[in-house]
Amino acid sequence: MPDLDVIRPADANELSALWQSVLENHDRPTVMVLTRQTVPTIDCDKYASAGGARRGAYILADGGGNPDVILLFVRVRKCISVWKHTRSCAAKA
């Protein structure tokens, strides 16, 4: 379907941020794809706010400085676990 927005929030924080953008969208149809699985909510005190989800992507965690690697993930849970592992291996992510 042309001009269809498909939104798949990773957790309740992203759902809340993206719901607002759905309500403001009057130009095109939007599909919000949700899961029935139990998904833990990302701690906004440790990681970035989900407000950036309205732009389509955002930096969840920044190691600062010049990184040795840049991690790009679709599955946020996997990204966090790999990021923690990378940090423990002394690589800057």
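Only one of these is in a strand (DSSP E or B), of a type in the set (Val, Ile, Thr) and more than 10 Å from the chain's Cα centre (by Cα): 69, 39, 31, 22. Name it.
Values: 69 fails: in a strand (DSSP E or B); 39 fails: in a strand (DSSP E or B); 22 fails: in a strand (DSSP E or B).
Checking each option against the conditions leaves just 31.
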I'd like to check something: does the range 31-43 contain any residue that is touching a residue at least 24 places away in the same chain (Cβ under 8 Å), touching a strand residue (DSSP E or B) at 6+ places or on another chain (Cβ under 6 Å) and surrounded by 10 or more Cβ atoms within 10 Å (Cβ to Cβ)?
yes
Condition (residue is in a loop (DSSP other than H, G, I, E, B), under 17 Å from the mean Cα position of the chain (by Cα) and at pLDDT below 70) applied to the range 2-15: is it met by at least one residue?
no
Under 7 Å between Cβ atoms, which residue pairs at least 6 apart in sequence (or on different chains) link something in the range 17-28 that is in the same structural domain as residue 50 (by TED's automatic domain parsing) and surrounded by 10 or more Cβ atoms within 10 Å (Cβ to Cβ) with a partner that is assigned to a loop (DSSP other than H, G, I, E, B) and of a type in the set (A, V, I, L, M, F, W, C)?
28/4
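The values are calculated or read from the model by the stated rules, or taken from the named source; none is laboratory data. In this text, all values refer to a predicted model and were calculated from it rather than measured experimentally. Glycine gets a Cβ as well: all are built from the backbone with ideal geometry, and neighbour counts include every protein chain shown.
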